[in-house]
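Notes to accompany the following structure.
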Amino acid sequence: MKLLQEKIDRIKQQLAAIDDMTPGSVSKQYNVCGSPSCRCKDPVHPKKHGPYYQLSYTRKGRSTSRFVKKYQVALVRRQVRNYARFRKLIELWIDTAMELATLRRSTSCSPSPKGTAVDRGGVAPVVKKSRRPG
Ligand SMILES: [Zn+2]
């Protein structure tokens, strides 16, 4: 149980170290323009324009693409990596938390063998805070 708690603490520390992030992926594209005499239309050795970079992601069910300037590609790739790491850590936290939760349920709140003690189920008494209206 202690080991699991320590594992969660480590995950939290790693999560706290994550700064910029974005979901999605960076892709590279080459385009063809509208000019018929352009090098991108060359019948033998067409040389398309680019590369152009874009960030594509799906958020709340909507797919979006954003143009990324070449000098920003390294930064955006880093943000994408951070997001992947974030998701991985969250999944790891959930797995570990579930393990810990199962373990706690099996080790705590065991009923008294004599049956005389009042089983409070390990739940703290509810204290109602009085709040003034308005
Ligand atoms: Zn062209």
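The values are calculated or read from the model by the stated rules, or taken from the named source; none is laboratory data. This structure is a prediction, so every number in the text was calculated from the model and none was measured. All Cβ positions, glycine included, derive from the backbone under ideal geometry; neighbour counts span all protein chains shown.
For region 10-29, the criterion of being within 16 Å of the ligand (Cβ to nearest atom) and in contact with a Pro (Cβ under 9 Å, 6 or more places away or on another chain) is satisfied by at least one residue. So, Lys7, is that one in contact (Cβ under 8 Å) with a residue 60 or more places away in the chain, surrounded by 13 or more Cβ atoms within 10 Å (Cβ to Cβ) and either within 16 Å of the ligand (Cβ to nearest atom) or among the charged types (D, E, K, R) (or both) or not? Yes, satisfied.
Restricted to region 9-29, and to residues that are touching a Leu at 6+ places or on another chain (Cβ under 6 Å) and among the β-branched types (Val, Ile, Thr), which residue is farthest from Asp95 (Cα to Cα)? Ranking the qualifying residues of region 9-29, first place goes to Val26.
The criterion of at least 2 residues that are of a type in the set (A, V, I, L, M, F, W, C) is met by the following strands (runs of 3 or more DSSP E) wholly inside region 1-88: 62-68. Restricting Pro51, Pro43 to residues that are more than 10 Å from the ligand (Cβ to nearest atom), over 25 Å from Glu99 (Cα atoms), surrounded by fewer than 12 Cβ atoms within 10 Å (Cβ to Cβ) and at pLDDT below 95 narrows the list to Pro43.
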